[in-house]
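Single-structure report; data block below.
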Amino acid sequence: MAERAAMKAAATVVLALNAALVGVWAGAFPLSFYRDFPWPGAHWVSALGPYDEHLVRDVGGLYLALLVLSVAALRRPALRTVAGGAWLVFSAEHFLWHAVHLDAFPRFHQVAAMAALAVPLVLAALLLLPARAAAPEARGT
């Protein structure tokens, strides 16, 4: 049980760090985020359409909201399921959208983007696991 709690805490930290990076970058420096995300020269956002400062700042706000929820879940582990659900909803939609819009990128960036987008999806699912595995007699076996 302690191992699963530690894994969930670590997952929550990684999600919070991800949210902080994307949220601050997109919210405070939207043009830089549009041009350079996830690193200078990669152009993962700019390859997908024209610049829209409002939209990029809204993405920053969304990630900052997920950061607030993630930090709350770190302070109160009972909120990890709620945080996992919120991250899962967002991450699943985000992953699926990008999965069908990969043709704008070379192969390396296709693979890198899908791997990067899979991380929060997997971590969110981890947060939804029960606190401990049910005993065999509780499962009816």
Might you check whether a residue that is modelled with pLDDT under 95 and either small (Gly, Ala, Ser) or touching an Asp or Glu at 6+ places or on another chain (Cβ under 8 Å) (or both) occurs anywhere in region 24-36? no
Residue in region 18-29 that is open to solvent by less than 60 Å² (accessible area, probe 1.4 Å) and over 17 Å from the mean Cα position of the chain (by Cα) present: yes
Need pairs with beta-carbon distance below 8 Å; first residue surrounded by fewer than 17 Cβ atoms within 10 Å (Cβ to Cβ) and within region 72-85, second not in a helix (DSSP H, G or I); sequence gap 6+ or separate chains. 81/128; 85/128
Return a yes/no flag: does region 123-139 have any residue that is modelled with pLDDT of 95 or more, closer than 17 Å to residue 21 by Cβ and part of a helix (DSSP H, G or I). yes
Checking residue 60 against (1) under 27 Å from residue 126 (Cα atoms); (2) open to solvent by 30 Å² or more (accessible area, probe 1.4 Å), which single condition isn't satisfied? (2)
Residue check: is residue 68 in a helix (DSSP H, G or I), free of Cβ contacts under 8 Å to residues at least 24 places away in the same chain and either surrounded by fewer than 19 Cβ atoms within 10 Å (Cβ to Cβ) or not aromatic (Phe, Trp, Tyr) (or both)? yes
In the set 95, 105, the lone residue that is touching a helix residue (DSSP H, G or I) at 6+ places or on another chain (Cβ under 7 Å) and open to solvent by less than 40 Å² (accessible area, probe 1.4 Å) is 105
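Can you confirm whether residue 10 is among the hydrophobic types (A, V, I, L, M, F, W, C), open to solvent by less than 50 Å² (accessible area, probe 1.4 Å) and modelled with pLDDT of 95 or more? Don't jump to the end; show me each part of the working.
Details: among the hydrophobic types (A, V, I, L, M, F, W, C): yes; open to solvent by less than 50 Å² (accessible area, probe 1.4 Å): no; modelled with pLDDT of 95 or more: yes.
For residue 10, the condition - among the hydrophobic types (A, V, I, L, M, F, W, C), open to solvent by less than 50 Å² (accessible area, probe 1.4 Å) and modelled with pLDDT of 95 or more - is not met.
The values are calculated or read from the model by the stated rules, or taken from the named source; none is laboratory data. Every value quoted in this text rests on a predicted model; they were computed, and no experiment measured them. So basically every Cβ, Gly included, is an ideal-geometry build from the backbone, and we count neighbours across all protein chains shown. With ligands, DNA and RNA removed, areas are computed over all heavy atoms of the protein, side chains included. Shrake-Rupley method; radii C 1.70, N 1.55, O 1.52, S 1.80 Å.
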